[in-house]
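Take a look at the structure set out below.
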Amino acid sequence: MLRVAFLIPLLPLAGFVILLLSGRKLGNPLAGWLATIMVAASFVVTVVVFAGLFRLPAGGRSYTQNWFTWISAGHLHVNMGLLVDPLSMTMAAFVTGVSALIHLYSIGYMEHDEDFPKFFLYLNLFVAAMLLLVLANNFLLLFLGWEGVGVCSYFLIGFWFERDTASSAAKKAMIFNRIGDAAFLVALFLIYERTGSLDYHTVFSHLGSVGEPSLVAMGVLLFAGAVGKSAQIPLYPWLADAMEGPTPVSALIHAATMVTAGVYLMCRINPILYRAPDAAHVIAIIGAVTALLGATIACAQNDIKKILAYSTISQLGYMFLAAGIGAYDAAIFLMLTHAFYKALLFLGAGSVIHAMNDDQDVKTMGALARLMPITAVTFFIGWLSIGGLPVFSGFWSKGDVLLNGYGFSPALWVVGALTAVLTAYYLGRAYLLVFRGQQRWVEARKPGDRAGLKPHDPSWVMSVPLIVLGALSAVGGLINLPIHPDLDFLDRWLSPVFASRLFQHHWGLGGVWTFALIDAALALLGVALAVALWGHASERPAFEPVVLQRAWYIDWAYDRFIARPSTEVAIETSSVVEAKGIDGAVNGFAWLVRSTARHLRKVQTGYVRNYALGLAGGLVLVLAYVLTRAS
Amino acid sequence: MKLLAVLTIVTPHVNYVAILPELILIGGALLLLVSGQLVFAKIPTAFYSIGSGAIAAAALVASLVIWHDVQARGPFTTIADSVAVDGFAIVFLVLVSCILILASAIANDFLVREGIDGPEYHVLALLAGSGAMLMAAANDLILIFVALEIMSIPLYILAGMDSRRRESGEAAIKYFVLGAFSSAIFVYGIALVYGATGSTNLPQIASYLNTNIITSNGVLLAGLGLLLVGFGFKVSAVPFHMWTPDVYQGAPTPATGFMTALAKAGGFAALLRVFFSTFGVLRTDWQPLLWAIAIVTLLLGAILGLVQRDVKRMLAYSSINHAGFILVGLAAATSQGISGSVYYVFVYAILVLGSFAVITLVGGKGDENHDLDAYRGLGRRQPVLAFAFALLLLGQTGIPLTTGFLAKLYVITAAVRAHSYALAVIAMLSAAIAAAFYLRLVFLMYGVKLPVGSGGDEGALSLPVTGEPDDGLDPTGSVPTGVNIGRVVVPVPTAVAIFVTVAVTVVFGIWPGPLVDFVHAAHFLF
Amino acid sequence: MSVSATWYLTLAAVLFTIGAVGLLVRRNVLVMFMCVELMLNAANLTFVTFARRLNDIAGQTAVFFVLVVAAAEVVVGLGIIVSIYRRRPGATADDLHGLKG
């Protein structure tokens, strides 16, 4: 059953190729259905492989499928091959599953778009690249997928490239990611240089002979790559701008899957981090700070997608916090549940945005609950999940992270707990502003803007994903319940991959329950705050200081101190150095070459005897040379 | 009776399987020649082309059979040690077979278009192919000479095949006279080497050189120098290259492509074997010579290519530049360098066949439409053809993700490993210069308006090569009269051949493993 | 009277040089071609001389190969020359310089 693993990335890739060749002909909505079916089929294959892996004994759950030698140069041998193990299959399962739902949703969401087939072309390519990333059996192939998802993200953020904001957001995402990717590449060079391979198994088995400074460098450099991809401090601002893309893209790429690639990478390299605790500490601290920072900014945003974007940054921070302290299974658990509820929230936001005629300002919405019951209920579930209300999935996964965080350092726990309160609060604020209160959208800000607006729940292709994701968000915690040693399925499933954990804590059942109660109290505190402040009001300037609305001015600072000076240097360089110096040198060289050619071509007279003379002359020169060598 | 017994001649054992590809080509050629006379009806050209392709395919199969044999049992020699059957020879047997298959498809459309009946073209091509194969497999200087002639003489005729264009006759005469001159020099070189070492057999020469310290090596080195001149002529190394542009321009276009691929394959096969394998002991003597020849070949090919208006002539200088790259691998005189050279020959042969196939098509009826202007706007008129040509040109430029890039990379890496830094730098510089004329053609096809240079008049190119008005290379201007820019007819066989060459270039550029592994198997027997 | 092998070799070298120079200075394609024949025969003489000195039969057999190749070259060469001359009677090698640069 494991043999069919190659189909997992290949099916979406086939979808991409078909759409590339005949996407226009298939048109709307056939192209969308084709893409959806390809991803759904990939999900089915994943389930089959998953089941096959499950039947193996726990120790032997690792299967490498080599396709062919990709690169063979000197000592560098890189195979094109897949690694099927519990971690990669968990990732593949949720990537394909969530992708299939979001593909389905997009058929409805992109219904009226002219470039409908192109959208699904990019989406399928994205899924293929993402699956390559998680299933790769070596770092280089992972990097290929890593770049592949990056480029799809670029295309999809700039999908509506006629808008200036969209195309500049796409560029911004590209540039921020590039900084991380550069570090990633250096990490690859270092890994190859120190271990002589890029294959996971080989690299990890050679770590014993690598010095700790190199290991720390590897860990930090790979983390720097992850910082770019997963929008952590200091490379996070692109994610908020990335919301310029269509909402399903935000849900799929910029919430559920691509941005979690960095966390996956950290989990994958756990043997390196195990030997480089300093690097792990850096990861944990940056993750914790990002979690808090993202949450504070999310509290003051008015754009519904920006709220969710900063929330994503914050949640990713949690995951890095978990990965940094060695609680990899907690990170993966949170990643899974986050994929469910964040995709749900984004899709819900998308359906609200559709109903509001593409307006995204929560301050101009309100009282949509009665008009859009499905969206409202599922969004509500999403709120409770991310807020960590008991029994919802976020409660278990976030609880797992906080529990481990406390075990490592109470300071991390404090930061995490504060973030938890804020999380429950800011999404409550969003929910209340959108679905409760007055129908503020009736009074149009611009005349004619909202004439005849009748908000309603979307068609079934969009509702079904909402309902499925809502259900998963509600009960997704079941896959890993800490309350009893026999119920932590995920931990046990993943344990062969995470054998080398840096820190291990065992809490008694009492401890676990205590923490669960504290978590529940924190979540309730956040919810209560939201209800108290926003249940009946729509304007509260005191709780939305400008500094938070402007995201701590960090974006502004980037622009002022890096982007603009660089642009000026670039302009200066292009007008002076480029035009006068480089062009001058190039043109001068070209002139030299060409005038040489003009003289040289005269030698080629067209007369045979001249050619024979050339030959004979060459002969004489050769003979003259060899005679100097003769003894 | 007694006398007869004394006179019994012991003939050497002949392993016919070992020379099967050559035998198939020669036998097939003769069969093709007489087949026309056996039936009274006029046989269509396509029959001969298919026949020629089939014969070449049979030779390919035979080569692969021998390949299997050698893999299983190791390399061996046959016919009194005069033919070597080793990995090196087989790589070239395979290459030559592939060249013949592709060339017969390309030639077919040309022959039909120009109304040239009869089997002669294909018969000559097959015979030349057998010569090239023998050059690769030859283990004896005399056999190399004979094979060289078997390869060259049909090529002389092919160059003059197109009796309606006077350039074709001129090309044939020039090629023939200079070719005969170089052959005479080559033979004299063999005679001197024979005198100095007492044998013409390559392994025997090598073992003689290894076991004896020659006190007076003037005759030997002079012979080696003459051999180098003979080979240098065949592979168009400067200063023995001067026939190249004229012959390339004058010969019928499909014949040009074929002769380039074949002569490079055969010439370099023998050159690499003789110099690296046999005279490897003397490398300190010949290395500086090759170093110098490689440098002038690289630079001259790249520089003179810039000022050509005729596409065939331009690619002739480009082929000189490529020959320089292949010599870089040999000048390194390491097994890595030899592998690089072999890979380069393989890749270049495929690239050049595809390029000349496109040029054949654009040349149109009469085979005269070869001005650069004929390519202006081809990207708009026939995007697929233009794209294929662009890929082939980019491959020749050495753009990454094509085989051309890897080929250049390998030989330059070998040069660097051998500490010939100057050679490596000059090779890269020449590639940059040559890129200018490849890319100019690509830009011309896609009508790219190049940025106006500082101080240049409106419409003039700031691209280095094309600034001056007398080049007439302003892509924004109107099409001069006399240049036919009508729709290019693309017959199916040529289209398939072009597709194959492009596919090889791109697929093995992205996924180099199989081809590199295959070429790495090119070990010498000795 | 015995003549030392060196003389034969010298003679061959002289013949070779005469052939080469002849090819460079003559205009008539046929004469140029005869000069090539002279060079080939110089090589043959060298082969035979060395074969004699080395007491080795191989050098003498090589001569036959060279002769055969020379004959083949003559056939093809004359064919090409005739085909040119049919179009342009009385042409010399110098008249063919349409291709240059």
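The values are calculated or read from the model by the stated rules, or taken from the named source; none is laboratory data. Treat the numbers as computed from the prediction; the structure is a model and nothing was measured. Cβ: placed from backbone, ideal geometry, glycine included. Neighbour counts: every protein chain shown.
Here are a few things to note about the model shown:
- Only one entry in B:Ile153, B:Ile173, B:Ile157 is facing chain C (nearest Cβ under 9 Å) and surrounded by fewer than 24 Cβ atoms within 10 Å (Cβ to Cβ), namely B:Ile157.
- From the list A:Leu26, A:Leu20, A:Leu53, A:Leu30, the one residue that fits, being among the aliphatic types (A, V, I, L, M) and under 20 Å from A:Ala129 (Cβ atoms), is A:Leu20.
- When B:Phe88, B:Phe92, B:Phe47 are checked against the criterion of being of a type in the set (Phe, Trp, Tyr), surrounded by 13 or more Cβ atoms within 10 Å (Cβ to Cβ), part of a helix (DSSP H, G or I) and free of Cβ contacts under 8 Å to residues at least 40 places away in the same chain, B:Phe47 stands alone in meeting it.
- Condition check for B:Asp367: of a type outside the set (A, V, I, L, M), outside any helix (DSSP H, G or I) and over 21 Å from the mean Cα position of the chain (by Cα): yes
- Some residue of region A:93-107 being under 16 Å from A:Gly27 (Cβ atoms) and free of Cβ contacts under 8 Å to residues at least 12 places away in the same chain: no
- A residue that is out of contact with any Asp or Glu (no Cβ under 9 Å at 6 or more places or on another chain), surrounded by 24 or more Cβ atoms within 10 Å (Cβ to Cβ) and among the aromatic types (Phe, Trp, Tyr) occurs somewhere in region B:286-296.
- Which numbered condition A:Leu384 misses (of (1) modelled with pLDDT under 90; (2) within 29 Å of A:Ala323 (Cα to Cα)): (1)
- Neighbours by Cβ (under 6 Å, 6+ apart or cross-chain): first from region B:179-197, facing another protein chain (nearest Cβ under 7 Å) and without any contact (Cβ under 8 Å) to a residue 60 or more places away in the chain; second among the β-branched types (Val, Ile, Thr) and not in a helix (DSSP H, G or I): B:Tyr194/B:Thr200
- Residues in region A:94-144 that are farther than 23 Å from A:Thr375 by Cβ and of a type in the set (D, E, K, R): A:Glu114, A:Asp115, A:Lys118.
- Residue, surrounded by the most Cβ atoms within 10 Å (Cβ to Cβ), within region A:148-206, restricted to residues that are among the charged types (D, E, K, R) and under 27 Å from A:Thr64 (Cβ atoms): A:Asp199
- Checklist (1) out of contact with any Leu (no Cβ under 6 Å at 6 or more places or on another chain); (2) under 20 Å from B:Leu226 (Cβ atoms); (3) at pLDDT 90 or above applied to C:Ala5, failing item: (3)
Residue by residue, here is whether (1) closer than 19 Å to A:Phe346 by Cα; (2) within 20 Å of the chain's Cα centre (by Cα); (3) modelled with pLDDT under 95 holds:
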| position | (1), (2), (3) |
| --- | --- |
| A:Gly262 | no, yes, yes |
| A:Arg268 | no, yes, yes |
| A:Arg275 | no, no, yes |
| A:Ala279 | no, no, yes |
| A:Ala284 | no, yes, yes |
| A:Ala295 | yes, yes, yes |
| A:Ala300 | yes, no, yes |
| A:Ile304 | yes, yes, yes |
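- Matching residues in region C:49-69 - criterion: being more than 9 Å from chain B (Cβ to nearest Cβ) and of a type in the set (A, V, I, L, M, F, W, C): C:Ile57, C:Val63, C:Phe64, C:Leu67
- Helices (runs of 4 or more DSSP H) within region B:212-292 that include 1 or more residues among the polar types (S, T, N, Q) and touching a residue at least 24 places away in the same chain (Cβ under 8 Å): B:243-250, B:253-272
- Scan of region B:211-269 for residues that are more than 26 Å from A:Tyr625 (Cα to Cα) and within 12 Å of another protein chain (Cβ to nearest Cβ), ordered by number: B:Pro245, B:Asp246, B:Val247, B:Tyr248, B:Gln249, B:Gly250, B:Ala251
- Scanning region B:160-174 for residues that are of a type outside the set (S, T, N, Q) and either at pLDDT 95 or above or outside any helix (DSSP H, G or I) (or both) returns B:Gly160, B:Met161, B:Asp162, B:Arg164, B:Arg165.
- Matching entry among B:Leu111, B:Leu95 (being of a type in the set (A, V, I, L, M, F, W, C) and within 21 Å of B:Ser130 (Cα to Cα)): B:Leu95
- Only helices (runs of 4 or more DSSP H) whose full extent lies in region A:526-631 are considered here, and the ones with at least 2 residues that are among the β-branched types (Val, Ile, Thr) and either within 14 Å of chain B (Cβ to nearest Cβ) or touching a Cys at 6+ places or on another chain (Cβ under 9 Å) (or both) are A:583-600, A:608-629.
- Yes/no for A:Leu76 being closer than 27 Å to A:Val216 by Cβ and in contact (Cβ under 8 Å) with a residue 24 or more places away in the chain: yes
- Residues that are surrounded by 22 or more Cβ atoms within 10 Å (Cβ to Cβ) and among the hydroxyl-bearing types (Ser, Thr, Tyr) within region A:349-390 comprise A:Ser351, A:Thr375, A:Thr378, A:Ser385, listed in sequence order.
- Under the condition of being small (Gly, Ala, Ser), more than 18 Å from A:Tyr105 (Cβ to Cβ) and crowded, with 20+ Cβ neighbours inside 10 Å, the residues counted in region A:1-43 number 2.
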